[in-house]
Amino acid sequence: MYELNVAQLRRLNGPILVTGHTGFKGTWLTLLLEVLGIEVVGLSLPPEKDSLYTQSNRSGNIVEEFLDIRDFERTYKFVRTIKPSAIFHLAAKPLVIDSYLEPRETFEVNVMGTVNLLDIAQRVDSVQAIVSASTDKVYRNKNDGRKFSETDPLEGKDPYSASKVAAEAALNAWHHFPAIQRDVNTNIVSVRAGNVIGGGDLSKNRLIPDLIRSVINGQQTVIRNPTSTRPWQHVIDPLLGYVKLLEIMLSGASFRAMNFSTGEASLSVSEVAKIASNNWPKIDYVFENEISYPGLTESGSLELNSDFAKTSIGWEAFWTQEQAVTTTIAWWKDVINSKATPGEACLNDINKVLEGLKS
């Protein structure tokens, strides 16, 4: 396994800014950075009432600002005030089905929010690097089962994936045209992860959250598209990849894009549901073979190649897909059965991985 060398990240002249810090990945990332002893600041919309941020009582734990990243002036003022050394850009409209209901807002947040941040970073001299979270869904997908590599063509077929492709185009423009950089050499990279899972996620129309709701509500959950495959991974794995990548970038290396995945063949929806229910028989579900949302386009197959992350920064996934599912279900069992608070359960998983990396 790879090693983390966070000493230089702890010595940075300025905190690390996490946009979207009240979201699922953002909450896990701020907790991870705190465990690693790295100063972190958050910028996000106010949290949803059932979010992991709220479940974990994260309010006020770090310096944070609640604002809409589409508001350039307020965002610029905050970034200029805190003078971050680096940015993890996670703020986004992340749900495919919601993007059909709110296409304009999806493009505004995912594209112009990213453009705003790129422009602001070039106006604030302290910013040395930006790690911008993208998705495996940006690749041109013919559903032929091939694993996508960073050099494959991009194409979006729904508002969410198309907006992330457009955001990648903005990142590419900042790479190609030095005039945009205003003589400030900010290292910028796009990171593309698979379907992340982990404790605390209750987002709509996501497999594990839907299965967990069957336990919480005591009702059978209807699951769509049982044969669809996705590169499932525990949220800690790509987040540690982002941290490792930033460490390497601050040493002078430069990248355009990087995939993070387990390296295994993707599991199907039905396989993941079966693993989950085997680990918690209270989970009750039934499959609906027809797509639940008429006119919605979803990929039948997604595979992601993360060989570049392994060869260039030494990263590889700590958990297999099956282990990611069982760990997530164990998190929920502990929390629902009052064996741990959500915050304690997150820290248990983070420390388990960090200890495993040392051994």
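Could you check, for the range 228-243, whether at least one of its residues is at positive phi and crowded, with 18+ Cβ neighbours inside 10 Å?
no
How many residues does the range 24-74 contain that are under 21 Å from ALA167 (Cβ atoms) and small (Gly, Ala, Ser)?
Summing the residues that are under 21 Å from ALA167 (Cβ atoms) and small (Gly, Ala, Ser) in the range 24-74 gives 3.
Please work out if GLU316 is surrounded by fewer than 19 Cβ atoms within 10 Å (Cβ to Cβ), modelled with pLDDT of 95 or more and in contact with a Lys or Arg (Cβ under 7 Å, 6 or more places away or on another chain).
Judged against the criteria, GLU316 is a match.
Contact list please: Cβ distance under 8 Å, first residue in the range 278-298 and within 15 Å of ARG206 (Cα to Cα) and outside any loop (DSSP other than H, G, I, E, B), second residue modelled with pLDDT under 95 and of a type in the set (Lys, Arg), pairs at least six apart or on different chains.
Going by the 8 Å Cβ cut-off, the qualifying pairs are PHE287/ARG224; GLU288/ARG224.
Condition first: surrounded by fewer than 16 Cβ atoms within 10 Å (Cβ to Cβ) and either of a type in the set (A, V, I, L, M, F, W, C) or closer than 17 Å to VAL335 by Cα (or both). Now tell me which residues in the range 271-286 satisfy that.
Selection gives PRO281, LYS282, VAL286.
Given the residues THR151, THR135, which is the only one that is hydroxyl-bearing (Ser, Thr, Tyr) and surrounded by fewer than 16 Cβ atoms within 10 Å (Cβ to Cβ)?
The unique qualifying residue is THR151.
List the pairs whose first member sits in the range 239-250 and is basic (Lys, Arg) and modelled with pLDDT of 95 or more, whose second member is crowded, with 23+ Cβ neighbours inside 10 Å and not in a helix (DSSP H, G or I), and whose Cβ atoms are under 6 Å apart, counting only residues at least 6 apart or on separate chains?
Cβ pairs passing all conditions: LYS244/TRP315.
From VAL115, VAL96, VAL111, VAL63, which residue is modelled with pLDDT of 95 or more and within 30 Å of TRP332 (Cα to Cα)?
VAL63
In the range 319-359, which residue that is out of contact with any helix residue (DSSP H, G or I) (no Cβ under 8 Å at 6 or more places or on another chain) and among the small types (Gly, Ala, Ser) is modelled with the lowest pLDDT?
Only one residue fits best here, namely SER359.
The values are calculated or read from the model by the stated rules, or taken from the named source; none is laboratory data. Values in this document were obtained by computation on a predicted structure and should not be read as measured data. Every residue, glycine among them, receives a Cβ derived from its backbone with ideal geometry; neighbour counts consider all protein chains shown.
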